[in-house]
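Following: one structure in structure tokens, then a few remarks.
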Amino acid sequence: MKEFWSSRIRGLTPYTPGEQPRERKFIKLNTNENPYPPSPMALSAIRAAADEPLRLYPDPDCTQLREVMAATCGLKPSQVFVGNGSDEVLALCFQAFFDPDRILLFPDVTYSFYPVFAALYGLQYRQVPLDEGFGVPVESFLAPNGGVVLANPNAPTGRALSLCAIRRILEGNPGAVVLVDEAYVDFGAESAVELIDRYPNLVVVQTLSKSRSLAGLRVGFALAQENLIAALNCVKNSFNSYPLDRLALAGAEGALRDPDYFRTTTAQIIATRDRTAARLKTLGFDVCESASNFLFIAHPKAPAKVLLDGLRERGILVRWWDQPRIRNHLRVSVGTQTEMDALYDALSELVR
Ligand SMILES: *Cc1c(COP(=O)(O)O)cnc(C)c1O
């Protein structure tokens with residue numbers, strides 16, 4: 001096994017994405033997808049783009065999409081970078097901003113892709129322990145470092161960090177890039193985008209996968225001052241000139257041009273999340289305060305692995321990690337109200 005693999009690749013343990021079942025119909029609450037369809041404007045833009053011009057390469061600079069995104073978040077187009085999903089954008093950030101001889105900091109409980117990217121690029125890192133309630137201990141991120149990576153809201157906990165805390169971390173690290181992954185920001189956290197003009201070391205990463213219902217389209221963004229965006233373009237153009245195809249460019253633009261649909265579906269998910277959290281508490285669950293489209297839950301009497309298997313038997317998929325500190329937790333994506341009622345019924349049977 002692994003004959004002919006390069007020595008660097010031989011040592012890697014890749015990220016494991018949540019299951020995408022093909023044989024059976026499940027209630028899918030395991031990958032934080034949006035239960036609502038994409039905006040009709042996104043879909044009609046994709047259909048219109050599925051035509052003769054597909055013969056031609058797409059715009060390598062994603063000019064029009066960057067203009068729309070810039071207008072959406074109050075930045076200049078030169079402060080916007082586009083990639084094939086925010087996972088790709090994050091990977092390019094790890095390559096563009098971090099050096100092997102300086103230690104990277106991120107929480108011990110966070111998006112499990114970060115240590116994978118670090119290993120891929122040969123970067124050293126230290127996982128900073130979150131406090132008892134999975135809060136970010138700001139002081140620990142002020143120690144000398146070669147970069148900070150924070151998901152806000154954090155995954156899989158759902159907890160948000162205040163802008164004030166992020167500013168302290170930015171100010172405590174004037175010599176290193178602070179990467180804020182805002183995959184779930186639209187569900188209740190404050191975005192750090194408004195800090196970009198003040199902090200030359202800030203990079204904010206966002207995606208259309210969660211709040212815009214476009215996980216299948218693969219569109220992510222980095223937002224930062226021009227100097228950092230130029231570094232990302234340097235890496236990208238040394239790797240893949242065309243990260244977004246013509247359909248993705250059209251669909252992404254269509255989605256951003258439909259703020260009403262986005263606001264309505266996001267508000268619905270937030271309402272469902274809060275109602276579900278309250279109901280699960282009545283079953284005895286500890287529910288982490290969530291600013292995202294998922295809930296991180298644990299039951300004092302029922303082991304998470306037993307609940308995971310029991311839910312699966314009842315046709316419901318959720319996410320569980322066999323990892324220190326979170327072995328007794330489940331991460332449950334917020335689906336439709338009907339799906340969450342089914343989850344509640346199944347869990348009330350299982351914890352009884
Ligand atoms: C889902 C997720 C992403 C990746 O999103 P894509 O844009 O679909 O690649 C990035 N960061 C976190 C924390 C996520 O949960």
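Using every pair of distinct Cα positions in the chain, the Kirkwood expression returns a hydrodynamic radius of 21.2 angstrom.
Between ARG24 and ASP59, residue separation times 0.36 nm minus the direct Cα-Cα distance comes to 8.7 nm.
Note on GLU194, GLU88, GLU289: ascending count of other Cβ atoms within 10 Å places them as GLU194, GLU289, GLU88, the fewest first.
Counting pairs of alpha carbon atoms under 8 Å apart in space and at least six apart in sequence, what relative contact order in percent does region 40-257 give? Show your work: numbers first, answer last.
Working: 398 pairs, mean separation 67.0, N = 218.
Relative contact order for region 40-257 comes out at 31 percent.
The fraction of Cα-Cα pairs per 10 angstrom bin, counted from 0 for region 84-163, comes to 18, 52, 28, 2 percent, rounded to whole percents.
Could you work out the local net charge near SER78, counting Lys and Arg as +1, Asp and Glu as -1, over the other residues with Cβ closer than 15 Å to its Cβ? Before the final figure, lay out each step's value.
Values: positive: ARG66, LYS76, LYS236; negative: ASP61, GLU67, ASP197, GLU226.
Neighbourhood net charge equals -1.
Neighbour counts of C-beta atoms inside 10 Å place ILE196, ILE297 in the sequence ILE196, ILE297, starting with the fewest.
Residues LYS28, LYS236, LYS301, ranked from the fewest to the most other C-beta atoms within 10 Å, line up as LYS301, LYS28, LYS236.
Considering all projection directions equally, how large on average is the shadow of the alpha-carbon convex hull of region 218-352, in square nanometres? All intermediate terms of the calculation are to be shown ahead of the outcome.
Values: hull surface 46.5 nm².
For region 218-352, the mean projected area of the Cα convex hull comes to 11.6 nm².
Using a Gaussian network model of the chain with C-alpha springs under 10 Å, which one of LEU54, LEU43, LEU311 is most mobile by mean-square fluctuation? Comparing LEU54, LEU43, LEU311 in a Gaussian network model of the chain, the most mobile one is LEU54. For LYS28, give me every one of the lysines with a C-alpha distance below 16 angstrom, ignoring sequence neighbours fewer than eight places off in its own chain. List returned: LYS210.
Each value in this text was obtained by applying a stated rule to the coordinates, not by laboratory testing. Just so you know, these numbers come straight off a predicted model, no measurement behind them. Positions of Cβ are generated from backbone atoms using ideal geometry, with glycine treated the same way; all protein chains shown enter the neighbour counts.
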